[in-house]
Amino acid sequence: MARMFHLIYTGPQDVQEDMLARFFKPNWQHTKPEKRIKAIAKLRAADIKAQSILSQLALADQDELVRLSATEKLSNLNILITISKQESSSSVLQQALHKISQILLDQDSSSSIDEKKVALSALSDSNLLTHIALNSGEEALRTQAIEQLADCESLAIIAEKSQRAGTRVQATEKISDPEILEQLSKKARGKDKGVFKVVREKLQLIREQDKRYQEDQLAISKLIAAVAQLSKTAYFPLYAAKLKALENDWNSYLDS
């Protein structure tokens, strides 16, 4: 051992540095996962070099707990988005999504609004999108979160609980479930004129569409019955004209 140290300290500078790196790797590169996790705990999240190390571990470490620990301290939106798209572990994935939402809600974050919008587009979890729509101080992010939501129950929560009238109305406009709209109508009556107005208009439109559908179904049934009856009828002078009229009626329903 003494001879080894003698060789290290008496060789050329670049050889010394290479050999020292080989024998004295930092703990975040240690072969044991628990050592790497302890090293992560000591890294300062605000340090640029630390973020670089955390990115390497979060993206490529073979141990799930190491990746999870590194992801918990990451603040780089681009890296977190990459993790959210490629991570196979559900716990690491959820942590990445949680960190993304934290940064999106942080108005003091160094990330620009455009960077936040790109990150938000990577989210599909209804709970996270609802959380952002309810709590973001950025109108652009609230609007985008609602646009990305398809779950009517989540939209109803926003329509009922958001502190912002515009956000409540926007969420209501996206709800298509009649039952949920009826429930929201009862809650908004006398309390939220904007939401109640949108709900009333949407329900009226749904009723009109249902009525037209029922009328069309009845007309089609009558048309089919008429064609069936005609097929059983013996030929008469206006047979071809009658058949053509029925055919035109059928085509009009197909085109509508």
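The values are calculated or read from the model by the stated rules, or taken from the named source; none is laboratory data. As the structure is a computational prediction, the values presented were derived from the model and not from experiment. Please note: Cβ atoms are built from the backbone with ideal geometry, for glycine as well, and neighbour counts cover all protein chains shown. For the accessible areas, the whole protein counts, side chains as well, though only heavy atoms, and no ligand, DNA or RNA atoms are used. Shrake-Rupley method; radii C 1.70, N 1.55, O 1.52, S 1.80 Å.
Here is how the numbers come out for the structure above:
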item	result
Any pair with Cβ under 6 angstrom, 6 or more apart, that starts in segment 24-40 at a residue that is without any contact (Cβ under 8 Å) to a residue 40 or more places away in the chain and ends at one that is assigned to a loop (DSSP other than H, G, I, E, B) and charged (D, E, K, R)	33/63
Wholly enclosed helices (runs of 4 or more DSSP H) of segment 137-256 bearing at least 2 residues open to solvent by less than 40 Å² (accessible area, probe 1.4 Å), out of contact with any strand residue (DSSP E or B) (no Cβ under 8 Å at 6 or more places or on another chain) and in contact (Cβ under 8 Å) with a residue 24 or more places away in the chain	139-148, 152-161, 165-174, 178-188, 193-231
Single condition residue 115 does not satisfy, out of (1) within 13 Å of residue 101 (Cβ to Cβ); (2) more than 13 Å from the chain's Cα centre (by Cα)	(1)
Residue match in segment 106-113 (condition: open to solvent by less than 10 Å² (accessible area, probe 1.4 Å) and either over 26 Å from residue 196 (Cα atoms) or not acidic (Asp, Glu) (or both))	no
Among (1) under 20 Å from residue 195 (Cβ atoms); (2) within 17 Å of the chain's Cα centre (by Cα); (3) not in a helix (DSSP H, G or I), the one test that residue 122 misses	(1)
Hits in segment 47-77 (condition: without any contact (Cβ under 8 Å) to a residue 24 or more places away in the chain and open to solvent by 40 Å² or more (accessible area, probe 1.4 Å))	47, 48, 49, 52, 56, 60, 62
